[in-house]
Amino acid sequence: MKPLLHFRLVWLALLLSATLVTACKKDNVVPQPTDLSDRVAGTYTYSELSSNGQTLPADETNLRGTVTISRQTETTVRIAFAISLRNGNPFLNDVLNDVTVRENGSAFTYEYSGQTFAQGKANQFVVNGRDTANNPFTLTATK
């Protein structure tokens, strides 16, 4: 009788452990978007301005605003710039459609009408431009 009792206990222990293992909740892993446009889409907040060899954080400049990137196709996006002066006057308020996004290693480039005008990495969007006096500047926005 003892071998039969031992067999039942072992069998019960195996059944119980199998039930516990299969009942464990797995971590909810959010799937990463595979589409290039989905990966860069989102709202980026103005964070710094570089001009004349100086880089200033947003709170030390007279600018504020956001850049919103929306998916159009797998490799094209719509970019809405809403950057203004603190007094409300517009600085960079424009919408670009059919902007091509390309991946270059861990970075992204943004092309409009055949010219690269911005780059990005992870949660950062960097625009290269020129002000009204034709001086180059770099505007950085982060997610």
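The set of residues in the stretch 127-143 being part of a loop (DSSP other than H, G, I, E, B) and either of a type outside the set (A, V, I, L, M, F, W, C) or within 21 Å of the chain's Cα centre (by Cα) (or both) consists of Asp131, Thr132, Asn134, Asn135, Lys143. Considering the stretch 86-102, and only residues there that are in contact with a Leu (Cβ under 9 Å, 6 or more places away or on another chain) and at pLDDT 95 or above, the residue that is surrounded by the fewest Cβ atoms within 10 Å (Cβ to Cβ) turns out to be Arg102.
Please specify each residue of the stretch 118-143 satisfying the condition of being of a type in the set (Phe, Trp, Tyr) and surrounded by 15 or more Cβ atoms within 10 Å (Cβ to Cβ). Passing the criteria: only Phe125.
In a loop (DSSP other than H, G, I, E, B), modelled with pLDDT under 95 and either among the β-branched types (Val, Ile, Thr) or touching an Asp or Glu at 6+ places or on another chain (Cβ under 7 Å) (or both) - does that describe any residue in the stretch 43-60? There is no residue in the stretch 43-60 that is in a loop (DSSP other than H, G, I, E, B), modelled with pLDDT under 95 and either among the β-branched types (Val, Ile, Thr) or touching an Asp or Glu at 6+ places or on another chain (Cβ under 7 Å) (or both). With the structure loaded, tell me whether Thr34 is loosely packed, with under 12 Cβ neighbours inside 10 Å, among the hydroxyl-bearing types (Ser, Thr, Tyr), within 16 Å of the chain's Cα centre (by Cα) and not in a strand (DSSP E or B) or whether it fails that test. Yes: the conditions hold for Thr34.
The values are calculated or read from the model by the stated rules, or taken from the named source; none is laboratory data. Model, not experiment: these values are computed from the prediction. Glycine also receives a Cβ, built like all others from the backbone with ideal geometry; neighbour counts cover every protein chain displayed.
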